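Data first, discussion second: the structure below is written as structure tokens.
The values are calculated or read from the model by the stated rules, or taken from the named source; none is laboratory data. Every value quoted in this text rests on a predicted model; they were computed, and no experiment measured them. Ideal geometry is used to build each Cβ from the backbone, glycine not excepted, and the neighbour counts take in all protein chains shown.
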Amino acid sequence: MNKSAVHLVVFACNWDGLSCIEAAAQAGLSYPASVKVVRVSCLSRVHQGLMLKAFELGADGVMLLGCEPASCQFDIDAGLMAQEYEKARKVLRLLGLGEERLVLCHMPRGDGSGFVGRVTGFIKEIEQMRPAIPAGA
């Protein structure tokens with residue numbers, strides 16, 4: 001049986017999140033080409049509409065990759081990101097798509113192997129779920 005690739009969108013903060021992706025590349029670690037990275041200044045700038053738009057455009061999963069709370073460059077806005085994340089998860093639950101398709105990952109600066117591990121683990125979880133949007137819909 002031919003499985004199509006799982007499409008992920010990763011919203012990565014410009015600081016620790018992006019440094020994890022860069023560290024993975026520098027170490028020669030790879031992840032599937034179906035993972036698309038969107039660089040943002042801070043995860044607090046990613047509102048629920050952007051998270052949900054990624055699903056509308058065909059993403060099977062969305063990962064928010066940001067700084068550990070204690071090292072956030074924009075600490076004052078950290079609460080806003082958590083609120084938007086929870087609102088988007090509620091909408092996914094109401095739509096029957098599964099809130100587990102949206103994950104929030106706080107990672108330390110430069111953790112390339114940790115990032116690749118989280119992405120590949122997330123892909124495996126999604127592969128075991130039913131499709132986000134049924135074929136032919």
Legend entry - Search result, residues across the stretch 84-128 that are over 15 Å from the mean Cα position of the chain (by Cα), over 17 Å from Gly66 (Cβ atoms) and among the small types (Gly, Ala, Ser): Gly96, Ser113
Inset, instruction - Looking only at the stretch 24-43, count how many residues are in contact with an Asp or Glu (Cβ under 7 Å, 6 or more places away or on another chain) and in contact (Cβ under 8 Å) with a residue 40 or more places away in the chain. - result: 0
Legend entry - Unmet requirement for Val40, which otherwise passes all of (1) among the β-branched types (Val, Ile, Thr); (2) out of contact with any Cys (no Cβ under 8 Å at 6 or more places or on another chain); (3) farther than 19 Å from Gly121 by Cα: (2)
Legend entry - Conditions (1) modelled with pLDDT of 95 or more; (2) in contact with a Gly (Cβ under 9 Å, 6 or more places away or on another chain); (3) not acidic (Asp, Glu): number failed by Ser113: (2)
Inset, instruction - Return the pairs, sorted by first residue and then second, in which the second residue is part of a helix (DSSP H, G or I) and modelled with pLDDT under 80, the first residue lies in the stretch 62-81 and is exposed (fewer than 13 other Cβ atoms within 10 Å of the Cβ), the beta carbons are less than 7 Å apart, and the residues are 6+ apart or on different chains. - result: Pro69/Ala78
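Check whether at least one residue in the stretch 28-35 is closer than 28 Å to Leu80 by Cα and either surrounded by fewer than 20 Cβ atoms within 10 Å (Cβ to Cβ) or touching a strand residue (DSSP E or B) at 6+ places or on another chain (Cβ under 9 Å) (or both), and report yes or no.
Start the filter on the stretch 28-35 by keeping residues that are closer than 28 Å to Leu80 by Cα, which leaves 35.
With the extra rule that they be either surrounded by fewer than 20 Cβ atoms within 10 Å (Cβ to Cβ) or touching a strand residue (DSSP E or B) at 6+ places or on another chain (Cβ under 9 Å) (or both), the set shrinks to 35.
Looking for residues that are closer than 28 Å to Leu80 by Cα and either surrounded by fewer than 20 Cβ atoms within 10 Å (Cβ to Cβ) or touching a strand residue (DSSP E or B) at 6+ places or on another chain (Cβ under 9 Å) (or both), one finds at least one in the stretch 28-35, hence yes.
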Legend entry - Residue check, Gly96 within 26 Å of Leu29 (Cα to Cα), surrounded by fewer than 16 Cβ atoms within 10 Å (Cβ to Cβ) and not polar (S, T, N, Q): no
